[in-house]
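Asker: Once you've had a glance at the structure underneath, I'll fire off some questions.
The values are calculated or read from the model by the stated rules, or taken from the named source; none is laboratory data. Because the structure is a prediction, the values reported are computed rather than measured. Cβ atoms come from the backbone with ideal geometry, glycine included; neighbour counts cover every protein chain shown. The area values use the complete protein model at the heavy-atom level, side chains included, leaving out ligands, DNA and RNA. Shrake-Rupley method; radii C 1.70, N 1.55, O 1.52, S 1.80 Å.
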Amino acid sequence: MSPTDRSLRLYTDGGARGNPGPAGIGMVIEDGSGRRLWGGHAYLGIATNNQAEYRALISGLRKVAEWTPEDLLVHMDSELVVKQLNGVYKIKDPTLQSLAAEARKLLNAFPKARLTHVRREKNQGADTLANRAMDEGTGKKPSPAR
């Protein structure tokens, strides 16, 4: 990231095979021009889809903080999480309430941070990494690149 371009994009995805089931997360960080700076994934064990989505966001926010961006745009394909964190939907589940509080704390640490919902096909990098995490965590052969 150049000193004059202090904006980053974070793409996150979490998923579970079964709900709950074996879960994984994927995150991609790009600079303002769309150049990939980092990509990561992790197996979570057993979790729900929504828990995995929140945990992907939290992990991604922790990682992107290393770049100290002034402007952060977060892309997620979980409409539920985006609407919950943007205050459109209430969060009733206590586990999700706790994860949302942690995500909000991390988001508030950035000078400017926005969450936006994107269709799955616009979140392909993070989706592929989340699936790789689930494959590795369950001992399956990795899914072919999409």
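Asker: Which one is nearest to Glu30 (Cα to Cα), of the residues in the stretch 69-103 that are without any contact (Cβ under 8 Å) to a residue 12 or more places away in the chain and β-branched (Val, Ile, Thr)?
Answerer: Applying the first criterion (without any contact (Cβ under 8 Å) to a residue 12 or more places away in the chain) to the stretch 69-103 yields 87-92, 94, 97-98, 101.
Imposing the further condition that a residue be β-branched (Val, Ile, Thr) reduces the set to 88, 91.
Details: Val88: 27, Ile91: 29 Å.
Step by step, filter the stretch 69-103, then rank; the result is Val88.
Asker: From Val81, Val74, grab the single residue that is of a type in the set (Val, Ile, Thr), modelled with pLDDT of 95 or more, in a helix (DSSP H, G or I) and open to solvent by less than 40 Å² (accessible area, probe 1.4 Å). Write out each step before concluding.
Answerer: Values: Val74 fails: in a helix (DSSP H, G or I).
Only one candidate qualifies: Val81.
Asker: Consider the stretch 84-101. How many of its residues are over 16 Å from the mean Cα position of the chain (by Cα) and not in a helix (DSSP H, G or I)?
Answerer: Total satisfying the criteria: 7.
Asker: At pLDDT 95 or above and touching a Leu at 6+ places or on another chain (Cβ under 8 Å), is that true of Ala56? Steps first, please.
Answerer: Numbers: at pLDDT 95 or above: yes; touching a Leu at 6+ places or on another chain (Cβ under 8 Å): no.
In short, no.
Asker: Scan the stretch 45-66 for residues that are under 18 Å from Gly137 (Cβ atoms), open to solvent by less than 50 Å² (accessible area, probe 1.4 Å) and more than 12 Å from the chain's Cα centre (by Cα) and report the count.
Answerer: Of the residues in the stretch 45-66, 3 are under 18 Å from Gly137 (Cβ atoms), open to solvent by less than 50 Å² (accessible area, probe 1.4 Å) and more than 12 Å from the chain's Cα centre (by Cα).
Asker: Could you say which residue among Arg120, Arg104 is under 15 Å from the mean Cα position of the chain (by Cα), of a type outside the set (A, V, I, L, M, F, W, C), modelled with pLDDT of 95 or more and surrounded by fewer than 17 Cβ atoms within 10 Å (Cβ to Cβ)? Lay out the reasoning, then the answer.
Answerer: Values: Arg120 fails: modelled with pLDDT of 95 or more.
None of the others qualify; the one that does is Arg104.
Asker: Pairs please, first residue from the stretch 32-45 and on the phi > 0 side of the Ramachandran plot, second anywhere and part of a strand (DSSP E or B) and surrounded by 16 or more Cβ atoms within 10 Å (Cβ to Cβ), Cβ atoms under 9 Å, 6+ apart in sequence or on different chains.
Answerer: Here the result reads Gly34/Arg9; Gly45/Pro22; Gly45/Ala23, each pair linking the stretch 32-45 to a residue that is part of a strand (DSSP E or B) and surrounded by 16 or more Cβ atoms within 10 Å (Cβ to Cβ).
Asker: Something else about it: Kindly establish whether Glu121 is free of Cβ contacts under 8 Å to residues at least 40 places away in the same chain and over 19 Å from Leu85 (Cα atoms).
Answerer: Numbers: free of Cβ contacts under 8 Å to residues at least 40 places away in the same chain: yes; over 19 Å from Leu85 (Cα atoms): yes.
Against the criterion (free of Cβ contacts under 8 Å to residues at least 40 places away in the same chain and over 19 Å from Leu85 (Cα atoms)), Glu121 qualifies.
Asker: Confirm whether Gly26 is farther than 13 Å from Leu107 by Cα, touching a Phe, Trp or Tyr at 6+ places or on another chain (Cβ under 9 Å) and in contact (Cβ under 8 Å) with a residue 12 or more places away in the chain. Let's see the steps before the verdict.
Answerer: Numbers: farther than 13 Å from Leu107 by Cα: yes; touching a Phe, Trp or Tyr at 6+ places or on another chain (Cβ under 9 Å): yes; in contact (Cβ under 8 Å) with a residue 12 or more places away in the chain: yes.
When the stated conditions are applied, Gly26 passes them.
Asker: Taking the conditions exactly as written (touching a Phe, Trp or Tyr at 6+ places or on another chain (Cβ under 8 Å), over 17 Å from Ala133 (Cβ atoms) and assigned to a strand (DSSP E or B)), does Leu37 satisfy them or not?
Answerer: Numbers: touching a Phe, Trp or Tyr at 6+ places or on another chain (Cβ under 8 Å): yes; over 17 Å from Ala133 (Cβ atoms): yes; assigned to a strand (DSSP E or B): yes.
Yes.
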